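Bear in mind that the values in this text are calculations on the coordinates, not laboratory data. Only a predicted model underlies this, so the values are computations on that prediction, with no experimental measurement involved. When we count neighbours, we look across all protein chains shown, and the Cβ atoms used for this are built from the backbone with ideal geometry, even at glycine.
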Amino acid sequence: MFRVLLLLFVGLLSASPAPAQHRLSRTVLQSLPAPELPRQDNAALLHREEQVRRPGRPRDFAVALPVHLSPGTDGKWSTDRGRAIWHLRISSPGAKSLNLGFTDFRLPEGAQLYLSTADNRFGPFTAADNEDHAQFWSPLLAGDELVIELRMPTTERTGVGLVLTTVNHDFTGVIDEISGSCNLDVICGGADGFPLIDNYRDIIRSVAAYTLNGKSQCTGFLVNNTNQDGRPLFLTAEHCAVDAESAPSLVAYWNFENSWCRAPNSVESGQPGDGKLDVFNTGARVRARYSATDMVLLELDEPVNPLANAFFAGWSNESAAPTDGVLTVHHPNIEEKRISYSYRETTVSNIIGDSLYSGGDFLRVPSWDVGTTQGGSSGAPLFGTDGLARGQLFGGRASCTKDGDDMFGFLHRSWTGGGTPSSRLADWLDPLHSGTPTQEGLEQSDLPYLVVPETPNLTRCVTDSAVFVLRVGDGFPESNRVSISADPGLTLLAADSVSGGGLLRIVYRGRETPAQAGEHTIQVTVSGGGVTDEVSLRLRLLGGVPAPAVPQYPVDGGDDVGPFARFSWSAQEQSAGYDLQLSNDPSFTLLVADLTRIEDTSYLVRYPLVASTGYYWRVRANNSCGAGEWSPAYLFKTSDLSCITGSAVDLPVEIPTLDSVRIFSQLEINSSTILSSLEVTVGLEHTFIGDVYADLVAPDGTVISLFRPLQNGLCSNSDLYVTFADDAPVTATQFREDCDPGTFGNYRRVQPTRPLSDLAGTPVRGTWQLIVTDRAGGDGGRITEFGLRICGEHTGKGDLAVGILSSPTARCVSTGGTAQLQLAGEFTDLDLRIAADNLLLDNYTYSLDTPTNVLTVNFADWMSVGPGTFDLSFIVTDEDGTERHAVTTLALLPTPEPALPLATRIDTSRVTFQWRTSAEASGYTLEVAASEDFADIILSRYTLGSELAVERRELPDRFFYRLVATNACGSSPGAARFIVLEEPSSSTSFTARDIAVYPNPTHGLLNVELVDEWQRQPLTFTLFDAAGRPVREWEGQGYALRQLELGGNSPGVYYLRIAGVDGIFTKRVLLLR
């Protein structure tokens, strides 16, 4: 179904150029203060950039000039009719274009920010554009000079927060750069001899060009999810260097296309086009990344700009490569949107296009029949002929002058990625957990006509309660019928009607009316005014706790179990996770391991078990009904192999962007062990991994070559995560040739270039060094991991033991905590190391109570670790190097992200506030205040949901409001929003029968038909936007029919208020594009 967008999203950056430009005379312009920026040599900058360009590296078109400029210390203030005006001129001579980065962007309500050049003017940007990360990055403005203009009420001047920290000087002329003449404009179609393009008009609108940090360029695209809720998920290439730090600087440009079809290979096709960069979104957050497939999934800070008329692309995670042709839509050199297609069979390959790798992470397009790709195309989608996305562009050898191949990160491999929500697509693109291999796309214009559940799948114990919350689109009329169909025996409570733009709650109360255990499907239909939508919900009811799990390995009575054992057990139906305990005694009074929240049916110990020692272990399953019974305890004995571990404490170590540098990381081993076997773990973040190689230096000076430059320096993959071991399945030659450097969370096991066994028989005590050599400039990075796993003969104390006294608990990232360990045996001059997974911690102190041998550990906050679930490992070392380990589960909870306000619904009796929920929040507080600093809060209401209605009589005429997301770890206030209301007349006596407003929805012309008393009194017609701000006003008297032209406003939701002597009438109006 193809419909038109109705919903106006408050706070969207949808500014467009206006013809007024600076609005300043040349004399006044030149009198404005301008900071002196260092002069740039465009030719030298371009030469340097061209020297480091290669596949797998985003192209830079600008150089960042750091500044620190603000209205408090720079520029010039003036006043005009009660408004304070601040101007600042930015000039960087020779720049082809400029763009700005504000890292403190907090505009007060009523403030308007404009950016203008001699030819264009962007704005206004307002308080609605404030984000919790407090950053704002501007679009590109042509030329080498611009003016920043800030207007606000004089009373708000002291409340502005605005700091400009980056001016980006364009040295390539990115706005006027040309793409290869062989490329094909997306505007072309059947009339131009390219009928294939007409089949893909929708997916073309999913693609956007974007800039990052104001200086690099790539392509990305919107992707749909199975909840079909318009969540602005944006898929692109990881090598474009989008990370948590740079994502807020992303500026995505929509509909940047040439207005006419330029024939491929014509002179015109190789010249600048006439597309416009005036519809954009700014800011994003990283949701998932997986370097093996060069994938990064973002979520834009705001809903997609309503002027974009965008499309959320469908996708396929099927394992077979497309065989009947593919196409890609892209922005070469961030120029106007182009389309390329190939009729040839694609194959699954590795990153260099070797199709012998049937399990490879990439799809290889052998060549393009029409068009090509270029720098700036990175991140572009690969579509099958069915219009479903199959991956995103990494790069290759294709060009207008060469019939080369291109590699796309394979969506099928990105689907499961690294096995966690932050490293795979499955959790984000299939939030319903439907298991579907394909999902069709979604029109942005469909969103107002959809019913979207906040959480469509719930699992509860039979006797618990469950609440589904569904948001009804603004395209539905005021009153809509609700129909619910569910399995017999499932009793649900819900309203029988719901208003457009409102929330529908469907409640199951298990304590009062329990249903049968099992899967229950609920069909919900909302219909009214000719608009209908149906959604399916799933309620999984559990009859009780899971049955006991059955241990599998190590077997009961097992012997000669290795020091790094993998425990495994049978899967249990209705289980949500497992707990595992390990002890040296059958009563489990002193626990070596006390682990919870294990999602898999196996667990690999991170630190070695003690040699020739007996262990008992048991496991249990749990779900929302509680924990099941423990399994029988199994006893096993370890082999006589003694092992220790070591990790560098100087990490991360930065790798600078210089030519031929050697970087060192080191660790100390204090053990009398004589080495018999060794494994080395190395983690590197680097954008072109072919530049680097690494060596290990033992305490006696022996140098072990770990690996040499992959593909002789041509491997363009990013990052390296490898464990080097002599018995690894991948040889050093294979590793050097196949350009597969592993992934975070799934380290690749590889044989080193020189065998580690050359160190056998040597003492391990002393300093070990990792030396990383970076042979080329332009690409930096850092060493993120350096660890050793050493096994051999050790004559230390055998009676030492460590056990966990503290139970696993959930803790807040921002607070500390305490843990206690029970020591056994005589430790002398002990040392304690603690790690969260592989991250060594430094946020603790410890003390030993000698009479009880209890070691107490006090932790400060966990900010260096971040939220998530980790193995918290305690490594206690005696003075002779003897190590003992204990491990428990550390669950760290974040403070919630701020809630995103949605359109506020205003009528004559109440104001309904709505917002998008935050995954980490347990509740929300609506705060209303007279000033933006919320020093004097007028109203405060708490709710667990995502909507709150307040009677208008409780609210002042003008107020600020914000939403404070809360959980057990704290609260996060969102940005302030401002609303203006007028008191409705207490003598209102007219009803909707006296007035007809049509057509509604409208494309611009609105008819207001008045009857009886409405015709005989002076009337004021005021149009309010969705935030309650007046945007248009008309006056008149004696009309039976009044026509109002709304076409000059952005599409979305508005409220038309008609005020007369005897009353006020308000009608919601939907303005279409």
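The 3J(HN,Hα) values that the Karplus relation (6.51, -1.76, 1.60; θ = phi - 60°) gives for region 753-761 are, in residue order, 4, 10, x, 5, 5, 5, 9, 4, x Hz. Gly and Pro appear as x.
Please find the FRET efficiency linking Glu737 to Ala34, where r is the Cβ-Cβ separation and R0 is fixed at 56 Å, and quote it to the nearest 0.05. Walk me through the intermediate numbers first.
Working: r = 55 Å, r/R0 = 0.98.
E(calc), rounded to 0.05, equals 0.55.
Dipole check for region 375-452: with +1 at the C-beta of Lys and Arg, -1 at the C-beta of Asp and Glu, and the Cα centre as origin, the magnitude is about 360 Debye. Built from the Cα atoms of the chain, the convex hull projects on average onto 46.5 nm², one quarter of its surface area. The slack in the chain from Arg509 to Ser602, taken as 0.36 nm per residue of separation less the alpha-carbon distance, amounts to 29.9 nm.
Farthest toward the positive end of the dipole of the chain, out of Ser319, Thr79, Leu458, is the Cα of Thr79, where the dipole comes from beta carbon charges about the Cα centre. Here r is the Cβ-Cβ distance between Glu245 and Ala919 and R0 is 35 Å; the resulting FRET efficiency, rounded to 0.05, is 0.95. At the listed q of 0.18 Å⁻¹, the Debye profile of region 563-640, built from one uniform point per Cα, gives log10 I(q)/I(0) equal to -0.72. Pairs of alpha carbons in region 689-828 separated by more than 18 Å make up 67% of all such pairs. Remark: spin-label model distance Thr809-Asp880 equals 3.6 nm, labels positioned 7 Å along the Cα→Cβ axis. Judged by the mean number of other Cβ atoms found within 10 Å, the most tightly packed of the peptides 941-954, 284-297, 908-921 leads the ranking 284-297, 908-921, 941-954. The calculated FRET efficiency for Trp77 paired with Ser612, based on their beta-carbon distance and R0 = 60 Å, is about 0.15. Relative contact order for region 622-724: 23 percent, from Cα pairs under 8 Å spaced at least 6 residues apart, divided by residue count.
Straight-line cross-link reach from Lys337 at under 22 Å between alpha-carbon atoms covers these lysines, not counting any fewer than eight positions away in the same chain: Lys96, Lys215, Lys276, Lys402.
Here the Karplus relation 6.51 cos²θ - 1.76 cosθ + 1.60, evaluated at θ = phi - 60°, turns the backbone of region 306-322 into coupling constants of x, 6, 6, 6, 7, 10, 8, 5, x, 8, 9, 9, 5, 7, 7, 6, x Hz, with x for every Gly and Pro.
Across region 136-206, the convex hull enclosing all Cα atoms gives 184 Å³ per residue.
Working from Cα pairs under 8 Å separated by at least six residues, relative contact order for the chain is 8 percent.
Translational diffusion coefficient of region 26-176 (Stokes-Einstein, Kirkwood radius from Cα pairs, 25 °C, 0.890 mPa s): 150 µm²/s. Modelled label positions at Ser676 and Ser266, each set 7 Å beyond Cα in the direction of Cβ, lie 7.7 nm from each other.
Considering region 184-429 at the alpha-carbon level, its Rg and Dmax are found to be 16.4, 49 Å. Listed values for region 947-952 are Karplus-derived 3J(HN,Hα) couplings in whole Hz (6.51 cos²θ - 1.76 cosθ + 1.60, θ = phi - 60°), namely 7, 8, 9, 10, 5, 4, and x replaces Gly and Pro. Most simply put, the chain has about 95% antiparallel DSSP beta bridges, counting only bridges with both residues inside it.
About its Cα centre, the dipole of region 797-887 is roughly 400 debye, where the only charges are +1 on Lys and Arg Cβ and -1 on Asp and Glu Cβ.
Can you tell me the length gained on complete extension of the stretch Gln51 to Ala191, counting 0.36 nm per residue apart and subtracting the Cα distance? All intermediate terms of the calculation are to be shown ahead of the outcome.
Working: separation 140, 0.36 × 140 = 50.40 nm, distance 4.21 nm.
Additional length available on full extension: 46.2 nm.
Distance distribution note for region 360-425: the fraction of Cα pairs above 13 angstrom is 65%.
Which order do peptides 665-673, 217-225 fall in by mean Cβ count within 10 Å, highest first? Working shown, then result.
Details: 665-673: 18.2, 217-225: 27.0.
Sorting 665-673, 217-225 by mean packing, highest first, produces 217-225, 665-673.
Estimated at 0.36 nm per residue, the fully extended path between Ser705 and Thr385 surpasses their Cα-Cα distance by 110.5 nm. For region 194-267, the set of GluC sites (Glu not before Pro) satisfying both a DSSP loop assignment and a count of at most 11 other C-beta atoms within 10 Å is given as Glu245.
Summing -39500 (n - 2.57) over the DSSP H runs of n ≥ 4 in the chain and dividing by its residue number, what mean residue ellipticity at 222 nm do you reach, to the nearest 500 deg cm²/dmol?
On the way: 6 runs with 38 residues, N = 1073.
Value at 222 nm, helices only, nearest 500: -1000 deg cm²/dmol.
Shape verdict for region 154-246, please, from the Cα gyration tensor: rounded (a/c under 1.5), prolate (a/b greater than b/c) or oblate. Present the calculation step by step, with values, prior to reporting the outcome.
On the way: a/c = 2.21, a/b = 1.57, b/c = 1.40.
Prolate, since a/c reaches 1.5 and a/b exceeds b/c.
Highest mean packing first, where packing is the average number of other Cβ atoms within 10 Å per residue, the peptides 738-748, 526-536 line up as 738-748, 526-536.
Could you give the angle, 0 to 90 degrees to the nearest 10, between helix 42-52's Cα long axis and the longest principal axis of the Cα atoms of the chain? The angle comes out at about 40 degrees. For Cys461, the residues whose amide H sits under 5 Å from its own are Leu542, ignoring neighbours fewer than 5 places away on the same chain, with H placed 1.01 Å from N.
Under the definition of Cα pairs under 8 Å and six or more residues apart, what whole-number percent is the relative contact order of region 563-640?
Numbers: 156 pairs, mean separation 27.4, N = 78.
Over region 563-640, the number comes to 35 percent.
Give the value in nm², to one decimal: projected area of the alpha carbon convex hull of region 840-894, averaged over all directions.
Values: hull surface 18.3 nm².
Over all viewing directions, region 840-894 projects a mean Cα-hull area of 4.6 nm².
Once both labels are positioned 7 Å from their Cα atoms along Cα-to-Cβ, the gap between Ser909 and Val1031 label points is 2.7 nm.
Region 816-878 and region 264-339 have Cα centres lying 48 Å from one another. Projecting the Cα atoms of Asn130, Ala209, Gly500 onto the charge dipole of the chain (Cβ charges, centred on the Cα centre) puts Gly500 farthest toward the positive pole. When Rg and the Kirkwood radius Rh are both evaluated on Cα atoms of region 450-542, their ratio Rg/Rh stands at 0.99.
Rounded to the nearest 20 debye, the dipole magnitude of the chain is 2020 debye, with +1 charges on Lys and Arg beta carbons, -1 on Asp and Glu beta carbons, and the Cα centre as origin.
Candidates Thr733, Ser483, Leu388 compared by Cα position along the dipole of the chain: farthest toward the positive end lies Ser483, with charges placed on Cβ.
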